[in-house]
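Undergrad: There's a structure below that I have some questions on.
The values are calculated or read from the model by the stated rules, or taken from the named source; none is laboratory data. Values in this document were obtained by computation on a predicted structure and should not be read as measured data. Methodologically, a virtual Cβ is constructed for each residue, glycine included, from the backbone with ideal geometry; neighbour enumeration extends over all protein chains shown.
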Amino acid sequence: MDGRPIGVFDSGFGGLTVARALFDLVPAEQIVYVGDSARYPYGPRPAAEVRGFALEIARYLVDVEGVKMVVVACNTASSVALDELQQLLEVPVVGVLEPGLRAAVRVSRTGEVGVIGTVGTVSSGAYQRLAATIGSSSHVHCLACPGFVEFVERGELVSDQVHVLAERLLSPLVAKEVDTLLFGCTHYPFLARTIADVMGPDVVLVSAAEETAFDIAHVLADLQLERGREMPPEHRFLSSGDVAHFVATGKMLLGPELERVEAVHFATSA
């Protein structure tokens, strides 16, 4: 049994979807969550800059927090930094791209799969490369949705403004008649109600969070890193931005597990 925590990081609140899935699937595990709110959004930033942020946070989680695994709960960071993190770090590193795409391809009836993500994730071509790697015959249609992350970070999940933006951004995928839509950003499931209204009842929405949690559980079991159940887990949440805002919005998005947030500062500025 390994009592060390699992480190999870994202540019802000999006990775809380993965944390929620972990709470439900592996309830004995302790989570240290870092939301890099001071430097969000990652999507419009150059790939090299996002890669630097990801390396900085992952190294902090390993060296300072002593985590036994790093979960890159950010699609943009996963698309540009996952391979390097897996090579550099001495602990297992799990991303969110492949688990989500596997799930979307599996449930699609027609093979027409839409993926929505940040500008950084979509421009990286990571999902198209993954589709070829996993041998999928599905047509993967990727679409950038700038603005969605900012609405989530403000806690504005259902409004006329969000709906108008969703209608405008998602219209190309509606026209392509995709039957499955993958949230290629961990922030986007918080907008699921609005996105579902725009896409229509026949489109299956897929979040990578649950599938990623299953991958994490398998890695923990295979490497004998599971934590014992003798003591209840104590989760910790850290933010590089406004701590009070992270508490208020994070509790609304995640639930009662998020009671307190600690400040964390990184050398690389926004």
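Residue-wise test of (1) closer than 25 Å to residue 7 by Cα; (2) under 19 Å from the mean Cα position of the chain (by Cα).
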| residue | (1), (2) |
| --- | --- |
| 77 | yes, yes |
| 108 | no, no |
| 114 | no, yes |
| 134 | no, no |
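Undergrad: Which ones in the range 232-246 are more than 16 Å from residue 9 (Cα to Cα) and without any contact (Cβ under 8 Å) to a residue 24 or more places away in the chain?
TA: 232, 244
Undergrad: Picking from 225, 181, 238, 253, which residue would you name as being touching a Gly at 6+ places or on another chain (Cβ under 8 Å), surrounded by 17 or more Cβ atoms within 10 Å (Cβ to Cβ), outside any helix (DSSP H, G or I) and in the same structural domain as residue 16 (by TED's automatic domain parsing)?
TA: On the way: 225 fails: touching a Gly at 6+ places or on another chain (Cβ under 8 Å); 181 fails: in the same structural domain as residue 16 (by TED's automatic domain parsing); 253 fails: outside any helix (DSSP H, G or I).
Result of the check over 225, 181, 238, 253: 238.
Undergrad: Please work out if residue 174 is closer than 15 Å to residue 203 by Cβ, modelled with pLDDT of 95 or more and in a loop (DSSP other than H, G, I, E, B).
TA: On the way: closer than 15 Å to residue 203 by Cβ: yes; modelled with pLDDT of 95 or more: yes; in a loop (DSSP other than H, G, I, E, B): no.
For residue 174, the condition - closer than 15 Å to residue 203 by Cβ, modelled with pLDDT of 95 or more and in a loop (DSSP other than H, G, I, E, B) - is not met.
Undergrad: Here is a list of conditions, (1) crowded, with 24+ Cβ neighbours inside 10 Å; (2) modelled with pLDDT of 95 or more, and residue 126 meets all of them except one; can you say which number that is?
TA: (2)
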